[in-house]
Amino acid sequence: MEGLILLFVLFLLGGWIFGIAGFARAGRARRDAEALRREVATLRGDVAGMAGALIAAGFRPPQPAAAPPAHSVVAEQEDAEAREAAARTEAMAATPREDAPAEVLPEAEPAPPPPWARQGPPRPQRSLEELITQRWGVWLGAGALLLAAIFLIRTAVEEGWLGPGARCALAALLGAVLILGGEWLARRSAAIDRPGTLPDYAPAALTAGGLAALFGAAYAATGLYTLLPPLIGFVAMAAVGGLGLLLSLRRGPLVAVIGLVGAFATPALVSSEDPSLPGLFAYLLVVVAAAMLVVRATAWGWLGWSATVAGALWVLVGTGMGQGLDLWAPALFVPLAAACFLFLLPREALGSALGRRLAHVPPGLLGAALLPAAIFDGGFAPAAGILLLSPVAILAGLRDERLTRLPWIAAGLGLVMLLVWLVPAWSPTGELVTIEGAPQSFIPGAWAPEALTPFLTAAMLLGLMHLIAGLALEGRGLAWAGLGAAVPVLTLLVAYTRVRGFATDPSWALAAAALAAVHVGAAARGMRAGDQRRAGAHAAAATAALALGVAMVLRDQWLTLAVALFLPPLAMIAARTGLDALRRVAAAVAAVVLVRLVLNGFVLGYDWGTTPLLNGLLLAYGVPAICFAWAARIFLRVRDGIVVRLLECGAALFATLLVLLEIRHAIQGGALNAEAWDFIEAAWQLTALFACAGIALLLHRRTGRVAMLWAARAACVVGLVVGLIVLVRNPWTEGHDVGSLPILNALLPAYLIPALLTAWAVARAPEARNPPGAAQLLAAYALASGFAWITLEVRRAFHPIKMSRGGIGDAEMYAYSGAWLLLGALLIAIGIRSGRKEIRLAALAVIALTTFKVFLVDMDTLVGLWRVLSFLGLGLALIALGAIYRRFVMVRP
């Protein structure tokens, strides 16, 4: 039974292998047939082209001469063959090929293809047998050799055949033999190789196995058996790694991987009683430089990326182990390793987009590896390592313009370092001298404590480095001008935030003013040089510095007002210089203003004054609304876009908030943070929402700006929510005070005016742009709000003091019917006048509701004359309704 199973398995495996081989042979045959077809088609095209050229030159095939009366059979056959050949030639010349030109001149020579269109020699087709024997089998053989060596050593250890020294010596001997065997096999293969065959992977496999054996022998002698001192073992393993990198130049990338892994793993495998971080990172720097030299000779970019990533991992380990002055070793290793990578990387590696992107990764990873030390240590060494990346990145970008993003990456790492720095809490130490409570003098304290000196020094160096580099190199491109314009302002912002925590400080404001002055001068120099884009970048930086300085001395609404005032200048600079990046800056400024004035709950607690209308809200919300609209108009002159729509929506939002907050300010006596939300306030705010929606709709119809349509819809949605709340929590059910006047009371802005505004919006809104069902929803709300107003007005007339108290008398019940009938009659008139069927249907709904009330409520509740009048009025109204419909609606043509 087992034999049958084995035979079946062999049958399956054999069929699988032969099937793969047959598939490979069939594919090769198919490719050969395709090549033959292409060759035949090419030859036919050449023949047709030659025939066409001959005919165009006036050549005709010779006609047969007159035959003698007694010609032979042979002559007749020759004449027939000549005529048939001539006919075939003419047919081929008259039949153009699909890929042939319409006319071929005899002197036309085919143009050679351009260099980028020329194809290299075709890759030789590899058979499955060749792949198995020459590539996969060699790799498996190398692995088998390595496993055999491991198993041999394990067996020797278990059986006690050899001592530790003999085992290590034999392993080292085996490694040397494998390396020498790889060299011998490589020379022999080079002598017998034929063109078109696969490269011989056996020498590389033997060399890689030999390196692994040498490395294992050195590690065993050092770490397992302590036969060698740690320093000697470290040198031995490092030498094996270096030998691997050196041999990779001759034996290929497999050997380079072994050498790189061994070189970087050596420090982790050798333990020492007194580890030296400077010695460790000096060794790692040599390894990185050696790897990059190999990359420069072989163009293996992956080897350089792997070496720098491994170095970044060692930086993380080293910063966790070291303290004090030892941290300078990984800190200095970072810029030096980045320099090795950037300046030894072959420029051919930057030829592709992927290569350019990957070239930016290693310096960023090396710098990011120092960030944890900046968080937890607080010393200057990690900051120095990150700061020194900037000169390296600037020089690399100066050397190759394809790396101009590197200085931005280095600057970003510096800013992140300042953000995560462990900054101690601090407040000014000045002392105020007072006499009888009156301040007399001020004794200044330290400008900054000693604990803040490293942080402030690092921030100053970061800003100055990029400012000087940007000013010196801005003639080479806009990226350098932007570097000098953006990084110093951002550095000042981060430093001020970490040290002062947004507290007012005129000293920092003076620094911002000085920075703004520098950028104003740089903008003037750019204008003199005729480079408006460069000048615009510095003008934007000056504007941002001034805004930052204002933020350092102002608070509350004044700060937001000052920031909003910079939007029109930014728009003017962008329009004048054509700097599209300033649109994004304006969007960021607009976002800051929106967050501070819309999402900031502390705004309600600011001191706005007590005067209605003429208070701080006009400046805090009115001026930003004007600035947003002004900036949007300036940007729109150049082109439309999302920034323009953001500014337009912001202007509409600020204008709406100004109206709503002014209403609250007037009703609450200036206390915007009051918990109460009165019915009167809600009523006027509801009217304001629909009025703002109507104004935005008018602006949309006049200007065509879609942002105004969005603003109108947003105000309508909020208005509908507030309107539903007012309908549910009305004065009848809640007992709200609406005033004592008959019509001019709180019911007017709560119900009637919103109903009229909503009805007008339904009539005027563009139907094509409305969401499905929006018009019907607004019309239903308008009808409900109007109905509520007339009903509540009747209730207020009978209960002027408190609408929620008292029952419904007969006269009041009859008044409801009469008021509803009047509403229905008014709607009928409007519907007939405008020709709108939906308005007439709404009127019929009101009249139907009145009819149900009369028959279901009045019949049971009213008595005497009131019941008679109720039914009489309803009957007359229904008859009049029929007559009106016959006269004005049901008119036959």
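The values are calculated or read from the model by the stated rules, or taken from the named source; none is laboratory data. Please read these numbers as outputs of a predicted model, since none were measured by experiment. We place every Cβ from the backbone using ideal geometry, glycine too, and count neighbours over all the protein chains shown.
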Quiz item: Which residue, of Val726, Val721, Val738, is within 30 Å of Ile642 (Cβ to Cβ) and either touching a residue at least 24 places away in the same chain (Cβ under 8 Å) or within 40 Å of the chain's Cα centre (by Cα) (or both)?
Solution: Val721
Quiz item: Is region 879-891 home to any residue that is modelled with pLDDT of 70 or more and closer than 15 Å to Ala815 by Cβ?
Solution: no
Self-check item: Breaking point among (1) under 13 Å from Thr577 (Cα atoms); (2) assigned to a helix (DSSP H, G or I), for Gly530
Solution: (2)
Practice problem: Filter region 826-843 down to residues that are surrounded by fewer than 17 Cβ atoms within 10 Å (Cβ to Cβ) and either within 15 Å of Ala880 (Cβ to Cβ) or aliphatic (A, V, I, L, M) (or both), then give me how many there are. | Solution: 4
Self-check item: Exclusive hit being free of Cβ contacts under 8 Å to residues at least 40 places away in the same chain and in a helix (DSSP H, G or I), set Ile634, Ile573
Solution: Ile573
Self-check item: From Leu783, Leu821, residue being under 22 Å from Leu724 (Cα atoms) and surrounded by 14 or more Cβ atoms within 10 Å (Cβ to Cβ)
Solution: Leu783
Exercise. Please give the number of the condition Trp328 fails out of (1) surrounded by 16 or more Cβ atoms within 10 Å (Cβ to Cβ); (2) within 33 Å of the chain's Cα centre (by Cα); (3) of a type in the set (Phe, Trp, Tyr).
Key: (2)
Quiz item: Is region 405-423 home to any residue that is surrounded by 21 or more Cβ atoms within 10 Å (Cβ to Cβ), among the aromatic types (Phe, Trp, Tyr) and within 28 Å of the chain's Cα centre (by Cα)?
Solution: yes
Practice problem: Could you list all residues from region 370-394 that are modelled with pLDDT under 90 and either under 25 Å from the mean Cα position of the chain (by Cα) or within 18 Å of Ala469 (Cα to Cα) (or both)? | Solution: Leu371
Practice problem: Kindly establish whether Val846 is among the β-branched types (Val, Ile, Thr), touching a residue at least 24 places away in the same chain (Cβ under 8 Å), under 26 Å from Glu734 (Cβ atoms) and part of a helix (DSSP H, G or I). | Solution: yes
Quiz item: Of the numbered conditions (1) surrounded by 14 or more Cβ atoms within 10 Å (Cβ to Cβ); (2) part of a helix (DSSP H, G or I), His736 satisfies every one except a single condition; which is it?
Solution: (2)
Exercise. Could you list, in sequence order, all residues of region 526-538 that are exposed (fewer than 15 other Cβ atoms within 10 Å of the Cβ) and either out of contact with any helix residue (DSSP H, G or I) (no Cβ under 8 Å at 6 or more places or on another chain) or in contact (Cβ under 8 Å) with a residue 60 or more places away in the chain (or both)?
Key: Arg528, Gly530
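Here is a yes/no grid of residues against (1) out of contact with any helix residue (DSSP H, G or I) (no Cβ under 9 Å at 6 or more places or on another chain); (2) within 15 Å of Leu387 (Cα to Cα):
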residue	(1), (2)
Gln323	yes, no
Ala339	no, yes
Leu342	no, no
Leu350	no, no
Arg357	yes, no
His360	no, no
Leu366	no, yes
Practice problem: Need at least 3 residues that are without any contact (Cβ under 8 Å) to a residue 40 or more places away in the chain per element, so show me which helices (runs of 4 or more DSSP H) inside region 302-368 make the cut, counting only ones lying wholly within it. | Solution: 353-359
Quiz item: What tally of residues in region 791-829 results from selecting those that are assigned to a helix (DSSP H, G or I) and more than 55 Å from the chain's Cα centre (by Cα)?
Solution: 26
